[in-house]
Amino acid sequence: PQAGLLAAFESALAEDSRIEPRDWMPDAYRATLIRQMAQHAHSEIIGMQPEANWISRAPSLRRKAILMAKVQDEAGHGLYLYSAAETLGVGRDELLDKLHAGRQRYSSIFNYPTLTWADVGAVGWLVDGAAITNQVPLCRCSYGPYARAMVRICKEESFHQRQGYELLLALSRGTEAQHAMAQDAVDRWWWPSLMMFGPPDTESGHSEQSMAWKIKRHSNDELRQRFVDICVPQAEVLGLTLPDPALRWNEERGAHDFGDIDWTEFHEVLRGNGPCNEQRITQRRTAHEQGAWVREAATAYAAKQGTEHGE
Ligand code: 3HC
């Protein structure tokens, strides 16, 4: 029966139809989806920290309201993705335990500090911009629940990217000090944003299989290139420069050439030696511990509901 099931799985992939939770799937397909979806969900939750840092310091009520909405959205994205991962038979508590124990990853980008208000703009424009470039193809991922979660997330992500861009535009066109603050933030966030797309294709251990299973629809380098080509004209409109002297349009490639990424930095951050790794995971564990009473209350309430309705 295994051969028949595998043939059915492979023909579903071949005709670009979706694999759904009740369909048979290879254990390795399930495992790589759990790995990626958990990492994605953890990234959303940890990603709330750098920005939340500025909610109480926003320069106006309008900016505060926008930033609060964005951080709330990120929490919601985490919940969609944990729920989508649960359809693969793994509970949110198990995934969070692995995150807290350092056995599952979250995106490298959130291990960098948000030092000034302009960082909120740079994170919106660059980090959410990179996330969109990476997530739009995931709307066509072969696993149904993941692809459908992406459709909703991408809609909200484009608001995140636009508000960041508009924030930077306001600063860039403001006083000289504001312009300098915006440029400093772009200088610090540009290269780590390019690292979000993962290692070069030549070092990407999962890409080949992930693309064969139509989870990853474009390679790391392809999406990174797409992101660079999107950002160059946007930076021009912003009146800000991207911190890469090698960046230039290449006519025959029809794309921008750009400088070398510091992969040592990338691997150091993945090893836990980034600027904020310790702070992020400590804050995450503390939030989880301090939130235990909410989970206990919800569980007690659910049990009470169950008994009252004689279930
Ligand atoms: N940060 C941390 N780890 C990373 C990474 C990154 N930026 N890029 C790659 N890695 C890890 C991989 O997990 C893998 O390690 P592992 O085998 O120990 O898990 C290793 O580096 C090799 O990378 P691969 O290219 O082989 O791995 P993938 O095929 O998984 O590709 C990926 C990496 C492109 C990030 C892919 O996992 C992916 O598309 N993930 C879903 C999208 C995602 O997580 N986006 C970043 C979240 S930011 C966000 O959404 C918040 C937004 O609201 C701002």
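Each reported figure results from applying straightforward, stated rules to the coordinates on display, with no laboratory input. Quantities reported herein were computed from a predicted structural model and do not represent experimental measurements. A quick note on method: Cβ atoms are made from the backbone with ideal geometry, for glycine too, and the neighbour counts reach across all protein chains shown.
Conditions (1) surrounded by 21 or more Cβ atoms within 10 Å (Cβ to Cβ); (2) free of Cβ contacts under 8 Å to residues at least 60 places away in the same chain; (3) β-branched (Val, Ile, Thr); (4) touching a Pro at 6+ places or on another chain (Cβ under 7 Å), marked per residue:
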| position | (1), (2), (3), (4) |
| --- | --- |
| 168 | yes, no, no, no |
| 180 | no, yes, no, no |
| 198 | yes, yes, no, no |
| 209 | no, no, no, no |
| request: Evaluate segment 254-265: report whether one residue or more is surrounded by fewer than 18 Cβ atoms within 10 Å (Cβ to Cβ), more than 16 Å from the ligand (Cβ to nearest atom) and among the aromatic types (Phe, Trp, Tyr). | output: no
Of the listed residues (25, 68, 37), the one being touching a residue at least 12 places away in the same chain (Cβ under 8 Å), in contact with a strand residue (DSSP E or B) (Cβ under 7 Å, 6 or more places away or on another chain) and either part of a helix (DSSP H, G or I) or not charged (D, E, K, R) (or both) is 25
Taking segment 81-98 and keeping only residues that are surrounded by fewer than 22 Cβ atoms within 10 Å (Cβ to Cβ) and of a type outside the set (Gly, Ala, Ser), one is left with 86, 87, 88, 90, 92, 93, 94, 96, 97, 98
When every residue in segment 51-62 that is part of a helix (DSSP H, G or I) and under 16 Å from residue 128 (Cβ atoms) is compared, the one nearest to the chain's Cα centre (by Cα) is 51
Output for Cβ contacts, cut-off 9 Å, separation at least six or different chains, first residue at positive phi in segment 99-114, second outside any loop (DSSP other than H, G, I, E, B) and of a type in the set (A, V, I, L, M, F, W, C), reads 102/281
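Helices (runs of 4 or more DSSP H) wholly in segment 208-311 with at least 3 residues that are β-branched (Val, Ile, Thr) - which ones?
Fully inside segment 208-311 and qualifying: 220-238, 277-290, 292-308.
Which one is farthest from residue 120 (Cα to Cα) among residues in segment 183-206 that are more than 15 Å from the ligand (Cβ to nearest atom) and of a type in the set (A, V, I, L, M)?
Filtering segment 183-206 down to residues more than 15 Å from the ligand (Cβ to nearest atom) leaves 183-188.
Pick out the ones that are also of a type in the set (A, V, I, L, M) and you get 185-186.
Working: 185: 9, 186: 10 Å.
Among those that are more than 15 Å from the ligand (Cβ to nearest atom) and of a type in the set (A, V, I, L, M), it is 186.
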Test: residue 239 is touching a residue at least 60 places away in the same chain (Cβ under 8 Å), at positive phi and within 16 Å of the ligand (Cβ to nearest atom)
no
(1) touching a helix residue (DSSP H, G or I) at 6+ places or on another chain (Cβ under 7 Å); (2) without any contact (Cβ under 8 Å) to a residue 24 or more places away in the chain all hold for residue 217 apart from (2)
